[in-house]
């Protein structure tokens, strides 16, 4: 025996090693940009296309740099700040890691 703890996986209905489940969860939680690079809190990103910002009446241009992003519970969205827009949430498909 490897000494590994086992956890009941309700999806498969099987007892599986805890380390295997932890690896799957970590992989699912990875946040990736439009190019497939892994993003982490504090990264700077660049917009890959012009984006019209709803509610702000403004467009963020391609190439705009957004600094100090924060990850959210949704791996497809990042929380960030821009000089003119507070509380900005961007989809990861529209950004590239700088």
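Any read-out appearing in this document is the output of simple, stated calculations on the displayed coordinates, not a laboratory observation. What you are looking at is a predicted structure, and each value in this text was computed from that prediction instead of being measured.
All C-alpha to C-alpha distances of the range 9-59, sorted into 5 Å bins beginning at zero, yield P(r) values of 4, 13, 16, 14, 13, 12, 9, 7, 7, 4, 1 percent in whole numbers.
Over all orientations, the chain has a Cα convex hull whose mean projected area works out to 8.4 square nanometres.
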